[in-house]
1. If you work out Rg/Rh (Cα atoms, Kirkwood Rh) from the coordinates, which of (i) 1.34; (ii) 1.07; (iii) 0.95 do you get?
2. Would you pull out the residues with amide H under 5 Å of PHE269's amide H, same chain only if 5 or more places away, H placed 1.01 Å from N?
3. What list of ³J(HN,Hα) values in whole Hz, one per residue of segment 7-18 in order, does the Karplus curve 6.51 cos²θ - 1.76 cosθ + 1.60 (θ = phi - 60°) give from phi, with Gly and Pro shown as x?
4. Distance in nm between label sites at ARG138 and ALA50, each 7 Å beyond Cα in the beta-carbon direction?
5. Between segment 13-47 and segment 154-182, what's the alpha-carbon centroid distance in Å?
6. Output wanted: per-residue J couplings in Hz (rounded whole) for segment 185-199, from phi through Karplus 6.51 cos²θ - 1.76 cosθ + 1.60, θ = phi - 60°, x for Gly and Pro.
7. With labels modelled as points extended 7 Å from the Cα through the Cβ direction, what inter-label distance (nm, one decimal) is found for ARG220 paired with ARG57?
8. Relative to the present Cα-Cα distance, how much length would full extension add between GLU280 and GLU186 at 0.36 nm per residue of separation?
Amino acid sequence: MLTNLTHRQLEAFRAVIETGKVTAAATVMNTTQPSVSRMISDLQHVVGFALFERRGRQLVPTTEALALYEEVERSFVGLAEISRVAEDIRDFRTGSLLIAGMPALALKFLPDVIASFIKNEPGVSISLRTRSSQAVLRHVSSQQFDLGFAVIEAEHPAVIRRPIFTAPMRAVLPIGHPFAEKVYLEPIDFHEQPFIALGSEISTRSETDDFFASGNARPRVVAEAQLSASICELVAGGAGLSIVEPVTAANFAVAKKVVTKPLHPEQPFQYDLLLPALQEPSRLATRFLKLVDAQFARLLDD
């Protein structure tokens, strides 16, 4: 094996082959003519055969040199491809993210963030799975997902949970409802009013029931639904009032499909970011989360 062979010698050899002159090769390599001549001489000594024949001012490669050049070129093409891929990764022109999100965020909020992200990073591929919070937890714990967005109460040893956004829940009313003139809604405002409730299996349902109990209010439940978006659609259709988490409430209010009002006393709601415990977030994931934070901030401002 030719242990004294160097990459710089091969670079000089390639440059002389392609330019036909040592001076031109020196310009390409940003070095001096004597330096290129020395590298070619050293390379000939290492390989043990002549590489060029001088014909006038032109250097003509030998048959052996041309055979060597074919292999050198393949190596340099491979290095160029590696360099291109590295640049794409560095500049976020390639890569992928696998995201799992609870419906409250995955139906509107996350798609908005993703659309903005891939507009700026068109080479990036993002896959979004809409799942229940418990399913999101299972997906992230498998270490196959990069990011999870959920609301969970129990910890998991394979998952890092971080609060990512907290805001009060909101009352949602049909457009034109008399309560739309109120500054905020109290438990008594819901007494005997038609109400669309979360399914009894949803943890937030018990918190809403406690809210009503604090004011001895008993709404008239006319429908139940598992998703905040479904509840807001029912409210928009005039079926009754409801209380939902803040992100979905804000999205429907911006779309002018419902009116939202604060509650008194407030009911805080926390969204969680779930990360696989066995790997650090990638640069791509970190960049994506900055857009998520910005989107939450915009909702809070609204």
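Bear in mind these aren't lab numbers, they're just calculated from the coordinates by the rules spelled out. For clarity, every value in this text was computed on a predicted model and none was experimentally measured. A quick note on method: Cβ atoms are made from the backbone with ideal geometry, for glycine too, and the neighbour counts reach across all protein chains shown.
1. From the options (i) 1.34; (ii) 1.07; (iii) 0.95, the structure gives (i).
2. ALA167, MET169
3. Here the 3J(HN,Hα) series is 5, 5, 4, 5, 5, 5, 4, 5, 5, 5, 4, 7 Hz.
4. So the two model labels end up 7.5 nm from each other.
5. Using only Cα atoms, the two centres lie 68 Å from each other.
6. Once θ is set to phi - 60°, the couplings for segment 185-199 become 10, 9, x, 4, 5, 8, 4, 6, 7, x, 9, 9, 9, 5, x Hz.
7. 10.1 nm
8. On the way: separation 94, 0.36 × 94 = 33.84 nm, distance 4.41 nm.
Here the answer is 29.4 nm.
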